[in-house]
Amino acid sequence: MNQIVNTTAASGSIGMLIRTTDNSSAISNTVRGLEVQAWSGTNVTGINTGIAGFGKTFGIHGYTDALSSGKVNAAAVFAELGNQVASNSGNAIRAYTRYALTSDIISIFHTSSSFTGDALMIDMASGSATSKFSRAGSGSFIKLNRSGATAFRIDADGNA
């Protein structure tokens, strides 16, 4: 299905709108406006992408008003790596560029001066009563590499 929208309007346009209204009150309810699955079949060697977004400004733009935070903490973008079978592969989030020379790969912005949260929060082994996060030297909170070699590392005990 192709949906082509040609516009010269200065106010913007929407090529397709999918609206799902949820008036339930059940905390266990999960509603999806659009679900795309590209994992059916037996090919595990190719690239199977559920949604590819391309834009001159944003490829994907996520927004939430965070009103529905009863079951989980709301987020404009949520990424989950479900690799129970291949637990040594994959990323929940991957940022990549081949062409940026002076651009920042990842930027975090906040425009209010009254911010009291954490700009970046990492909580490893958070679902465990006792930390299963490796203290044997192989697990790191932060590891920065340059050309494949470790340049800076913060280990599981917070040592740099």
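Percent of Cα pairs in the chain per distance bin of 5 Å, from zero to the largest separation: 1, 4, 7, 15, 14, 17, 18, 11, 6, 4, 2, 0, 0. Derived scalar couplings between HN and Hα for the stretch 43-56 equal 6, 10, 10, x, 10, 10, 10, x, 9, 10, x, 10, x, 6 Hz in order, rounded to whole Hz, by the Karplus curve 6.51 cos²θ - 1.76 cosθ + 1.60 (θ = phi - 60°), x for Gly and Pro. Split the accessible area of the chain by element, probe 1.4 Å, and carbon with sulfur accounts for 51%.
Note on A160/V72: beta-carbon distance plugged into 1/(1 + (r/R0)^6) with R0 of 22 Å gives a FRET efficiency of 0.10. Look at the alpha carbon pairs under 8 Å that are at least 6 residues apart: their mean separation over the length of the chain gives a relative contact order of 8 percent. Packing around the peptides 50-60, 97-107, taken as the average count of other Cβ atoms within 10 Å per residue, puts them in this order, highest first: 50-60, 97-107.
Accessible surface of S28 in the full protein assembly, 1.4 angstrom probe, to the nearest 10 Å²? Rounded to the nearest 10, the figure is 90 Å². Heavy-atom accessible surface of the stretch 35-160, averaged per residue, reaches 94 Å², computed with a 1.4 Å probe.
The values are calculated or read from the model by the stated rules, or taken from the named source; none is laboratory data. Because the structure is a prediction, the values reported are computed rather than measured. Glycine also receives a Cβ, built like all others from the backbone with ideal geometry; neighbour counts cover every protein chain displayed. For accessibility, only protein heavy atoms count, side chains too; no ligands or nucleic acids. Shrake-Rupley method; radii C 1.70, N 1.55, O 1.52, S 1.80 Å.
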